[in-house]
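**Q** What follows is a structure written as C-alpha cells; I'll ask about it next.
The values are calculated or read from the model by the stated rules, or taken from the named source; none is laboratory data. In this text, all values refer to a predicted model and were calculated from it rather than measured experimentally. Quick reminder, even Gly has a Cβ in these numbers, built from the backbone with ideal geometry, and neighbours come from all protein chains shown. Just so you know, the surface numbers come from the protein's heavy atoms only, side chains and all, with ligands and any DNA or RNA stripped out. Shrake-Rupley method; radii C 1.70, N 1.55, O 1.52, S 1.80 Å.
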Amino acid sequence: MKALINKAAAVFFHHATWAGYWETVFQMVNPSWRDGYYQARVKSVSTLNATTVQLVLSPQKRWPKHTAGQHIALTIEVNGKLVTRVFTIASGQKSRQDEGNIRLVIRVKKDGALTPYLSALLSKTASKSASKVSVNISAPMGNFVMPKAALLDKLETSSLEQAAPEQIKPIVMIAGGSGITPFIAMLEGLNSASSDNLQSRPVHLLYFAKENEHLLTQELAEYKRLNTYFTYELLCRQKDGGVEQRLASHTDSHWMVCGPQSLYDEVANTHANLPPANDASLDSEHFAAFPVATAQTSGEKAFFSLSHNGSSLSVDNQQTLLTQLQQANRPVTYGCGMGICHQCQCVKKRGVVRDTRTGALSDNAEQLIQLCVSQAVTDLELQA
Amino acid sequence: MITTISTNTVNKSTVNKSIVNEGQVLKGSSSRLNSGKNANEQTSQRSSKDIDVGTKKTPDYTKLATQLDAVKTDVKSKIGSEDAAYIRRVILAQRGCEWTGRILLMLGFIQPLLWVVGVLSLATAKILDNMEIGHNVMHGQYDWMNDKHINSKAYEWDIACDGSSWNRVHNYEHHTYTNIIGKDRDFGYGLLRLSNDFRWRVKNLWQFITYVMLSVMFQWGVSYHEMAAERVFFGKKKDNRKNQLSHAELKRRFFSKGARQLVKDYVLFPLLAGPFFLYVFTGNLVANLLRNLWTSTIIFCGHFTGDVQTFSAEDCVDETQGQWYYRQGLGSSNIKGGKLFHVLTGHLSFQIEHHLFPDIPARRYKEMAPQVQAIFKEHGMHYNTGGFFKQYASVLKRIVRYSFP
Ligand code: FES
C-alpha cells in the first residue's frame, strides 16, 4: 500500500515519497514532523556536571521498543541545519513502559554542533516551555546488549533460564567516561528481569573516569542496594592503575567494554594476552572516537582510510578525494573539478574533510560533500 | 589573458552595439571564421582594440577575486534558519498554488473564469517549482541544511527534463564554462546564432522563428539539450566532449522522464477529472505553455542581452579565480524588478550574482547586488542591468541582428 502511494507521488508530484511531498505542509502544524524520522518530545533537560547534560525524551507511540544498550541518532535543527549525533540510550525498557521516557546523557563540547541548541533548551526549561519542544530520533540500533544465552562453553545453545545458577558466567562491565550509559540501561533491566537466573547473574562494573567526573553515581549506589549480585568500583586511571590488573581476577567472565578507543584497545590487548585455556569472552562498543582534527594535520602528509561504497582504500591529506578516487579507478561522477557544478557530490557518512577552497573543516556527521574540493582530515566513510 | 573591448567605439544607436568581444574572435581559432570579408573586419577591429588598450585598464584580477570572495564569505556567515524557513515557505506556496490550480481547473464548467484562475495558479506553481525551488535547490544552494528532500541529489522537478541531465549540462558545463564558445552549449543552445563567433548560415535568417518555437517548447528544448549536444540521434559527435553516460542511458532517461511528464499532464490528471477531462487537459497545456514562455524569457534576458560577452577557450586556459569571476560577471545580465518578480524568476533576475556565486541561496543575491555593482564599477567592468522591457528588447535585437551575416 505504502509503495503504491509513493509510486503515485512519484508519478503525479515527482517526489520519491508522498510524505516528502507534504512535509513542509505538515510542518506548518508540527514543525518537527519529518519524513523518515521519529519524533520525540523533550521532557526535561538538566545538567549532571559541568560538561554533561541529561536529556529526557518521550518518543512518539510508534517508536519501536529498544533493548538496554542500544543507541539512537538524535537529529535537531540548529540554525536551519539538521545536525545528527548518535547517543546510547541511558535508560532501560522499564522506564519507557512506565513513564514513556528514554534518557540521553550528552557530553557538551565547547564548540560542538549541538551545544548552542542544548544551552538554548536549558534556558527554556528554566522558563518551563521545554515540553513544547520536539526533536527527531531514529529507531533504536545496535546489538551491544546483555548476552541472552548462557555463557559457559558447554551450554552455548541452551537459554539462561534453563541453566543451573552455577553454570552462569558472570559479567564484567568496563566503562570509560560517558561510556557508562549502556550499562546504566542494562542495570535498570537487571532488577526487572524475567527470571531468577537473570536477576542473580553476578555483574561487576569497572568504571573509569577522571577524578570526580564519574557520572550517575547515585544511581549506581541505588542499583547496588537493590541487587546483591551487583558490585562496582569507581576508578581513576592515574590513581588506580590500568585495566589489565583489574581484569586479572575476572578471567572467567564475559567482558563488556564501552568507552573511548584507548580503553577498548587496552581491554582487547589484555584479552588477547590471556592464556588460551581461558573462559573470558569479549563484547565491545567503543566510540569511533572522532579523531579531533588539528591545524597541524594539514601540514604533514598523513594517510587515512576511506571506505567508499563499502570497499576501502587509503587516502592522503594532500590531494583531493576526487583525484585519489580517480587514481584508484573508482567509478566517480564529476564535472568541473573546481567546486562549481556539484556533479562529484556524495554522502559522507562520517569523518571530517577539509574544504580546499576555504580550509574550513566539516562536521563529523552525515552530510553531502563535493569530492573535488575535499581532502581527508580523518578516516572517512563515503557513499556515492 | 582575457581582453575586453569597449563598446564606445561602436555606434551606440545601432544594433552593432551588440557585437561582442571581437578581440576573442581575433585570438580564437580563425578556422571558425569566414575568410575574405571577415578578414577586413578583423583588421578594423584589431585597430579599435589597440586604441582601447590604451584607454581602458584591465581589472586587477587578484583584487577582484579578494573583494568578491569577501562579499561571499560575509553572506555565507549569515546563512541559516532564515534561509531554511524561506525555502520551506516557498515550497508551501508551491503546494498551495498547485492544488488550487488543479481543483479550479475542474470547476471550469461552473464558471470559465475559475478555469482561468486555475491555469494561472497552476502555471505559478510550475514556475515556482522550476525556478525558485528546482533550479536553486539543484544548484546545491540548500545542501547545507542536510535535509532529505531539499538537496541537489534528491530533488526532481515538474518539467520534462530529467534533473540529473540538467545538472550535468547546466551546473557543470554552463556554469563552469560560461559563454566560452564551443564549451558552453547554453550559448544559443546550438540553435541560435548570437555572436560573430559562429559562422553565418542560411538557417539563421529565420532564427527569430526558431527562437519563438524554442520558447514555446522550452521544457522540451531543455530536456533534449544534452542529447542534442551528445549527438545522440543525429550528427557527428565532437571530439572534445567526454560523455559520462552512454547514449542508450541518455535516451532512456530522456524518454522516461519526458513520457512521464506527458502521461501525467495529458492523460492521468485529465482522466482523474472524469467528465472534466478536457478542462484539465487544456488547462495543463496552457499552464505548461505559460511556464515555458516565462522561463525561457527570463533565461534569455539573463544571458543574451546585447552587452553580454563571449569568450574563447584559449583565453580560459589556466584561468585564475579573478578571471573566472570576470568572465562570469560579463557573461550575464540582470533584470530589475519588485520582490514578487524576483521570486518568480527564482532570483535569476540577479543572473550576475548567480553566476558569481552559484551555490549561495538565491534570495541572498539581492543584498549582494549593490556590493557587487560597486566592485564592478571600481574595476571598470560593465554591470549589465536594466528593466525587464529594456533587457528583453535587447535580447530580441540580438537575435535579429545575428540572423544576418
Ligand atoms: S566536480 Fe564540479 S563540483 Fe566537484
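**Q** Residue A:24 versus (1) touching a strand residue (DSSP E or B) at 6+ places or on another chain (Cβ under 9 Å); (2) surrounded by 18 or more Cβ atoms within 10 Å (Cβ to Cβ); (3) within 30 Å of residue B:97 (Cα to Cα): which is the lone unmet condition?
**A** It fails just one condition, (1).
**Q** Also: For residue A:65, all conditions in the list (1) closer than 23 Å to residue A:214 by Cα; (2) open to solvent by 30 Å² or more (accessible area, probe 1.4 Å); (3) under 18 Å from the mean Cα position of the chain (by Cα) hold save one; what is the number of the exception?
**A** Unmet for residue A:65, out of (1) closer than 23 Å to residue A:214 by Cα; (2) open to solvent by 30 Å² or more (accessible area, probe 1.4 Å); (3) under 18 Å from the mean Cα position of the chain (by Cα): (1).
Yes/no matrix, rows are residues, columns are (1) open to solvent by 10 Å² or more (accessible area, probe 1.4 Å); (2) of a type outside the set (S, T, N, Q):
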site: B:136; (1), (2): no, no
site: B:153; (1), (2): yes, yes
site: B:159; (1), (2): yes, yes
site: B:175; (1), (2): no, yes
site: B:189; (1), (2): yes, yes
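**Q** Looking at the stretch A:1-18 only, could you name the residues that are facing chain B (nearest Cβ under 9 Å) and either open to solvent by less than 40 Å² (accessible area, probe 1.4 Å) or out of contact with any His (no Cβ under 9 Å at 6 or more places or on another chain) (or both)? Spell out how you get there, then give the answer.
**A** Kept after step one, since they are facing chain B (nearest Cβ under 9 Å), are these residues of the stretch A:1-18: A:10-17.
A:10, A:11, A:12, A:13, A:14, A:15, A:17, listed by residue number.
**Q** Out of the residues in the stretch A:352-362 meeting the condition of being closer than 18 Å to residue A:302 by Cβ and part of a loop (DSSP other than H, G, I, E, B), tell me which one is nearest to the ligand (Cβ to nearest atom). Let's see the steps before the verdict.
**A** So the first thing to find is which residues in the stretch A:352-362 are closer than 18 Å to residue A:302 by Cβ, and the list is A:352-356, A:359, A:361-362.
Narrowing the set further to residues that are part of a loop (DSSP other than H, G, I, E, B) leaves A:352, A:356, A:359, A:362.
Numbers: A:352: 19, A:356: 11, A:359: 17, A:362: 15 Å.
Among residues in the stretch A:352-362 that are closer than 18 Å to residue A:302 by Cβ and part of a loop (DSSP other than H, G, I, E, B), the one nearest to the ligand (Cβ to nearest atom) is A:356.
**Q** Looking at the structure I just gave you, is residue B:281 surrounded by fewer than 19 Cβ atoms within 10 Å (Cβ to Cβ), more than 23 Å from the chain's Cα centre (by Cα), over 23 Å from residue B:170 (Cβ atoms) and modelled with pLDDT of 80 or more?
**A** Numbers: surrounded by fewer than 19 Cβ atoms within 10 Å (Cβ to Cβ): yes; more than 23 Å from the chain's Cα centre (by Cα): yes; over 23 Å from residue B:170 (Cβ atoms): yes; modelled with pLDDT of 80 or more: yes.
Yes; evaluated as a whole, the condition is true for this residue.
**Q** Check the stretch B:196-206 and report whether any residue there is in contact (Cβ under 8 Å) with a residue 40 or more places away in the chain, of a type in the set (Lys, Arg) and open to solvent by less than 30 Å² (accessible area, probe 1.4 Å). Give the steps one after another, and end with the answer.
**A** Narrowing the stretch B:196-206 to residues in contact (Cβ under 8 Å) with a residue 40 or more places away in the chain: B:196-200, B:204-206.
Then drop every residue that is not of a type in the set (Lys, Arg), which leaves B:199.
Subsequent filtering for residues that are open to solvent by less than 30 Å² (accessible area, probe 1.4 Å) retains none.
No, there is no match, as no residue in the stretch B:196-206 is in contact (Cβ under 8 Å) with a residue 40 or more places away in the chain, of a type in the set (Lys, Arg) and open to solvent by less than 30 Å² (accessible area, probe 1.4 Å).
**Q** Tell me which strands (runs of 3 or more DSSP E) are completely within the stretch A:269-351 and hold 3 or more residues being at pLDDT 85 or above and within 16 Å of the ligand (Cβ to nearest atom), or say none if there are none. Don't jump to the end; show me each part of the working.
**A** On the way: elements: A:281-286, A:303-308, A:311-316, A:345-350.
Passing ranges, in order: A:345-350.
**Q** Which of the residues that make up the stretch B:361-371 are surrounded by fewer than 23 Cβ atoms within 10 Å (Cβ to Cβ) and touching a residue at least 40 places away in the same chain (Cβ under 8 Å)?
**A** Matches in the stretch B:361-371: B:363, B:364, B:367, B:368, B:371.
**Q** All but one of (1) open to solvent by 30 Å² or more (accessible area, probe 1.4 Å); (2) more than 27 Å from residue A:54 (Cα to Cα); (3) touching a helix residue (DSSP H, G or I) at 6+ places or on another chain (Cβ under 8 Å) hold for residue A:247, so report the exception by its number.
**A** (1)
**Q** Quick check on my filter: what residues within the stretch A:363-384 are within 15 Å of the ligand (Cβ to nearest atom) and in a loop (DSSP other than H, G, I, E, B)?
**A** Residue satisfying the conditions is A:384 alone.
For every residue, the table says whether it meets (1) open to solvent by less than 10 Å² (accessible area, probe 1.4 Å); (2) touching a Pro at 6+ places or on another chain (Cβ under 8 Å).
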{"residue": "B:345", "(1), (2)": "yes, no"}
{"residue": "B:348", "(1), (2)": "yes, no"}
{"residue": "B:373", "(1), (2)": "no, no"}
{"residue": "B:381", "(1), (2)": "no, yes"}
{"residue": "B:388", "(1), (2)": "no, no"}
{"residue": "B:396", "(1), (2)": "no, no"}
{"residue": "B:400", "(1), (2)": "no, no"}
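**Q** Sticking with this structure for a sec: Filtering the stretch B:168-185 down to residues that are assigned to a loop (DSSP other than H, G, I, E, B) and either modelled with pLDDT of 80 or more or in contact with a Pro (Cβ under 7 Å, 6 or more places away or on another chain) (or both), which residue is nearest to the ligand (Cβ to nearest atom)?
**A** We begin by selecting, within the stretch B:168-185, every residue assigned to a loop (DSSP other than H, G, I, E, B); these are B:177-179, B:181-185.
Now narrow it down to the ones that are either modelled with pLDDT of 80 or more or in contact with a Pro (Cβ under 7 Å, 6 or more places away or on another chain) (or both): B:177-179, B:181, B:183-184.
Details: B:177: 12, B:178: 14, B:179: 18, B:181: 21, B:183: 14, B:184: 15 Å.
Filtering the stretch B:168-185 for residues that are assigned to a loop (DSSP other than H, G, I, E, B) and either modelled with pLDDT of 80 or more or in contact with a Pro (Cβ under 7 Å, 6 or more places away or on another chain) (or both), the one nearest to the ligand (Cβ to nearest atom) comes out as B:177.
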